[in-house]
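The values are calculated or read from the model by the stated rules, or taken from the named source; none is laboratory data. A quick note: this is a predicted structure, and the numbers were derived from the prediction, not measured. Note that we place each Cβ from the backbone using ideal geometry, even for glycine, and neighbour counts take in every protein chain shown.
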Amino acid sequence: MSLAPGQPVIILKEGTTRTQGRSAQRNNIAAAKIIAEIVRTTLGPKGMDKLLVDNIGDVIVTNDGATILEKIDVEHPAAKMIIEVAKSQDHVVGDGTTTAVILAGELLRKAEELIEQKIHASTIISGYKKALDKALEVINENAIKIDLKDRATLRKVITTSLGSKSLGFALDKLVDIAVDSVLSVVKEVNGKQRADKDDIQIVKKIGRSLGETELIRGVVVDKEVVHAAMPKRVENARIALIDSPFEIEKTEFSAEIRIRDPLKIKEFLDEETNILKGMVDKVKAVGANVVFCQKGIDDAAQFFLAKEGILAVRRVKKSDMEKLAKATGGRVVTNFEDLSPKDLGRAGLVEERKIGEDRMVFVEKCENPKAVAVLLRAGLERQLDEAERALNDAIMNMIDLVDDPRIVPGGGAIEEEIARQLRQTAGKLSGKEQLAYLAFAEAVEAIPRTLAENAGLEPVEIMAQIRHAHENGQRAVGVNIFGGGVIDMLANGVIEPAKVKLHALRSSFEAASMILRIDDVVAASKKKEEKKKEGESETPEF
Ligand code: ADP
Ligand code: MG
């Protein structure tokens with residue numbers, strides 16, 4: 001920065017860098033494009049995996065867009081904004097992250113060409129916005145309503161979502177698990193069907209194989225049965241869920257009680273024991289044969305519980321207590337006095353099992369569980385992690401369908417239909433905006449094109465075939481990834497939730513326009529922050 005000699009006007013702190021105008025824009029677009037380039041090759045069933053190594057040397061193998069972007073460490077603010085798109089897509093709809101990032105990258109690439117032609121960023125943004133609205137309309141018009149009871153169709157959506165992950169022979173099983181787990185936790189909120197991700201617990205355990213993954217109609221509690229003399233297996237369980245301790249309340253401050261008479265000591269101890277026994281008697285009296293306690297269970301109480309043949313688990317996490325209540329239909333009770341038979345939850349089976357190295361308590365075969373668990377198995381840790389990410393996507397697809405039960409054809413078909421209709425309606429717009437509108441059409445075509453490229457097909461040829469089909473009214477034609485050429489995606493069961501596509505388009509537009517609006521990047525010096533990290537004081541330097 002050059003300043004007039006003798007007259008320093010310091011506005012920005014020393015070390016601050018500033019890029020402005022065209023060059024700021026160019027840098028931002030370049031950074032965003034790089035991010036899109038990274039995930040591009042992972043799109044679709046034939047997409048490749050990425051091997052990531054983090055700064056402590058941990059290795060991850062994945063083709064999940066959100067995961068890749070979450071793990072790579074980027075500095076550039078515009079790149080970070082693109083990563084936000086992936087995060088939002090992942091968080092809100094759970095799938096379509098790669099699609100959203102590729103779209104954002106393409107929108108920016110096209111914008112750059114338009115800027116070169118002296119079209120102002122604000123004109124590009126307004127053209128893009130009109131195209132976005134049209135695109136959403138095309139999706140809404142082409143979306144097909146499905147019935148949540150139509151299992152075959154649900155399976156197709158999930159198979160499409162999981163199709164891009166390397167699950168091998170376990171695919172069918174995971175599809176069923178995703179469908180069943182979500183359907184069982186569907187509830188009605190204000191007259192609308194909803195499913196909540198939190199009601200599906202995923203428990204990962206190394207060992208066995210992916211094919212041995214199971215759906216537990218209940219909860220898996222990562223704790224052991226508290227006392228060796230207790231039963232390890234209880235059928236037709238009647239479960240008490242208690243959130244206060246089976247212990248004598250200790251006073252907050254340390255109190256000292258001096259008892260000189262040995263008989264009095266016994267009396268004092270007996271008194272404590274009696275209180276604990278009273279608690280156990282209460283549990284017994286309401287008919288419980290299993291206890292989950294959120295707090296501690298005193299040795300003496302354990303002994304009494306064991307004597308009554310009651311299976312008990314202590315220090316259960318609050319979140320697990322809530323899941324237990326949902327799964328078993330029981331109520332978490334705070335006060336022993338309040339415990340009544342109608343508070344008890346039910347499960348066909350409660351059993352402690354050894355899974356790998358750990359003992360865990362399975363509460364399963366619940367009648368109508370509103371919380372379920374998936375016990376995910378795989379021989380290798382990386383495989384287990386990737387399977388979890390895949391299952392998460394699949395579950396999110398199901399949740400999206402519960403929320404909005406409409407589907408669109410995959411394989412780039414809906415994107416091509418959007419592109420076609422944009423081209424068809426572009427005439428309504430004036431000169432420069434029209435160019436942006438058409439650029440949007442080309443940007444969405446990046447999806448079928450990339451799918452073709454990643455499948456090793458000739459993109460130019462495939463795109464010509466797809467365009468031709470759509471111009472002839474075949475709206476569901478997309479890339480035949482496995483056989484080459486093009487096919488009707490609906491007829492071939494390659495379908496996706498409309499919600500995934502709607503969100504991907506919206507969020508990629510938002511990111512692209514946000515980046516285009518920036519013409520000034522002011523970056524503070526990194527130095528100070530780093531120093532603080534090293535634990536140095538904030539005393540000013542002279
Ligand atoms: P994203 O992170 O965007 O979900 P994926 O790697 O999961 O990326 O790929 C999704 C894309 O792959 C979608 O466009 C979808 O339609 C397409 N796809 C999935 N299965 C098939 C298939 N069998 N044939 C053609 N396209 C498919
Ligand atoms: Mg996907």
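Go through the stretch 162-188 and give me each residue that's within 16 Å of ligand 2 (Cβ to nearest atom), modelled with pLDDT under 90 and assigned to a helix (DSSP H, G or I).
Within the stretch 162-188, the subset within 16 Å of ligand 2 (Cβ to nearest atom) is 162-167, 171, 174-175, 178.
Narrowing further to those that are modelled with pLDDT under 90: 162-167, 171.
Answer for the stretch 162-188, where residues must be within 16 Å of ligand 2 (Cβ to nearest atom), modelled with pLDDT under 90 and assigned to a helix (DSSP H, G or I): Leu162, Gly163, Leu171.
Residues are listed down the side, and each one gets a yes or a no for (1) surrounded by 19 or more Cβ atoms within 10 Å (Cβ to Cβ); (2) within 30 Å of Ala152 (Cβ to Cβ); (3) acidic (Asp, Glu):
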{"position": "Lys342", "(1), (2), (3)": "no, no, no"}
{"position": "Phe362", "(1), (2), (3)": "yes, no, no"}
{"position": "Pro369", "(1), (2), (3)": "yes, yes, no"}
{"position": "Ala390", "(1), (2), (3)": "yes, yes, no"}
Contact list, first residue from the stretch 332-348 and at pLDDT below 95, second anywhere and polar (S, T, N, Q), beta-carbon distance below 6 Å, six or more apart or interchain, is Thr334/Ser244
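Give the number of residues within the stretch 314-350 that are at positive phi and either of a type outside the set (D, E, K, R) or in contact with a Phe, Trp or Tyr (Cβ under 9 Å, 6 or more places away or on another chain) (or both). I'd like the intermediate steps shown before the answer.
If we filter the stretch 314-350 for residues that are at positive phi, which is where we start, we get 315, 329.
Retained after the next criterion (residues that are either of a type outside the set (D, E, K, R) or in contact with a Phe, Trp or Tyr (Cβ under 9 Å, 6 or more places away or on another chain) (or both)): 329.
Qualifying residue count, the stretch 314-350: 1.
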Does Ala394 meet the test of being within 16 Å of ligand 1 (Cβ to nearest atom) and among the aliphatic types (A, V, I, L, M)?
-> yes
Restricted to the stretch 147-158 and to residues being surrounded by fewer than 19 Cβ atoms within 10 Å (Cβ to Cβ) and not acidic (Asp, Glu), the residue farthest from ligand 1 (Cβ to nearest atom) is Lys149
In the set Asp404, Asp400, the lone residue that is within 16 Å of ligand 2 (Cβ to nearest atom) and touching a helix residue (DSSP H, G or I) at 6+ places or on another chain (Cβ under 6 Å) is Asp400
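Of these, Ile462, Ile495, Ile466, which one is closer than 14 Å to Val408 by Cα, at pLDDT 95 or above and either outside the structural domain of Asp133 (by the TED database) or surrounded by 20 or more Cβ atoms within 10 Å (Cβ to Cβ) (or both)?
Working: Ile462 fails: closer than 14 Å to Val408 by Cα; Ile466 fails: closer than 14 Å to Val408 by Cα.
It is Ile495.
Please work out which residue is nearest to ligand 1 (Cβ to nearest atom), limiting yourself to the stretch 65-84 and to residues that are part of a loop (DSSP other than H, G, I, E, B) and within 10 Å of Ala31 (Cα to Cα). Write out each step before concluding.
Within the stretch 65-84, the subset part of a loop (DSSP other than H, G, I, E, B) is 72-76.
In the following step, the residues that additionally are within 10 Å of Ala31 (Cα to Cα) were identified as 74-76.
Details: Val74: 18, Glu75: 24, His76: 22 Å.
This residue is Val74.
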(request) Could you check, for the stretch 467-477, whether at least one of its residues is under 25 Å from Ser507 (Cα atoms) and within 28 Å of the chain's Cα centre (by Cα)? (result) no
